[in-house]
């Protein structure tokens with residue numbers, strides 16, 4: 001059975017933005033979809049977020065898929081960096097992923113983001129995701145510099161999709177995200 005884990009953004013909940021729509025659409029296609037409420041979403045910390053994901057996922061295989069949004073992408077990357085009991089995944093779709101940030105406004109935001117900006121073991125992640133990772137960016141994202149697109153391509157072998165006018169994909173108006181659905185379905189059919 002194909003399983004999909006959708007990990008929401010910083011200050012997000014499973015009921016925000018496009019997450020419920022995407023969960024519903026994937027369930028209609030026969031996927032088991034998990035959309036956890038991540039801990040302390042206002043002040044996300046790596047250990048609790050990665051542990052939550054580890055406890056939920058269990059054994060991974062080629063029928064295991066991930067969709068992350070913003071810090072949810074970082075959570076998935078850090079989870080994969082630590083995981084040792086798998087060879088390949090079904091695929092990953094990242095929405096507004098980052099290795100560098102801009103536009104943090106407060107000292108508290110900068111402090112929260114700091115550990116998440118530490119370098120990853122790219123080679124381990126690359127081996128498990130190569131050819132099965134799609135990273136979706138918007139040119140007008142206020143937090144994610146577009147240069148992240150090149151970094152995801154180089155570091156993880158990501159297929160990159162660049163849109164315009166979508167911001168950080170976290171507007172109350174963004175209740176559907178067909179580009180994420182299309183790319184996950186494409187990965188699952190490869």
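The numbers here are math on the coordinates, done by the rules we state, and not lab data. Just so we're clear, the structure is a prediction, and the values are computed from it rather than from any experiment. Please note: Cβ atoms are built from the backbone with ideal geometry, for glycine as well, and neighbour counts cover all protein chains shown.
For the chain, modelled as a GNM whose springs connect Cα atoms under 10 angstrom apart, the maximal fluctuation among 145, 119, 178 occurs at 119.
Under the rule a/c < 1.5 gives rounded, and otherwise a/b versus b/c splits prolate from oblate, where does region 4-47 land using the Cα gyration tensor? The partial results should precede the final answer.
Working: a/c = 3.95, a/b = 2.05, b/c = 1.93.
The shape class here is prolate.
Of the options (i) -0.82; (ii) -0.67; (iii) -0.60, only one is log10 I(q)/I(0) by the Debye sum over Cα atoms at q = 0.13 Å⁻¹ as computed from these coordinates, and that is (iii). Label separation (residue 104 vs residue 56): 2.4 nm, computed from points 7 Å beyond Cα along the C-beta direction.
Got the relative contact order for the chain handy, in percent, Cα pairs under 8 Å and 6 or more residues apart? Spell out each step's value before the answer.
Working: 352 pairs, mean separation 43.5, N = 190.
Computed over the chain, the figure is 23 percent.
Shown for 138, 84: other C-beta atoms within 10 Å of each C-beta, ranked fewest to most, produce the order 84, 138.
Just from its helices, what would the mean residue ellipticity at 222 nm be for the chain, if runs of 4 or more DSSP H residues each count -39500 (n - 2.57) and the sum is divided by every residue, rounded to the nearest 500 deg cm²/dmol?
On the way: 7 runs with 70 residues, N = 190.
Result for the chain: -11000 deg cm²/dmol, rounded to the nearest 500.
Within the listed set 107, 81, 62, the Gaussian network model of the chain (springs between alpha-carbon atoms below 10 Å) gives the highest mean-square fluctuation for 107. Annotation: the residues 61, 16, 87, sorted from fewest to most other C-beta atoms within 10 Å of their own C-beta, follow the order 87, 61, 16.
For 155, 123, what's the fewest-to-most ordering of other Cβ within 10 Å of each Cβ? Display every interim value, and only then the final one.
Values: 155 18, 123 9.
With the fewest neighbours first, 155, 123 line up as 123, 155.
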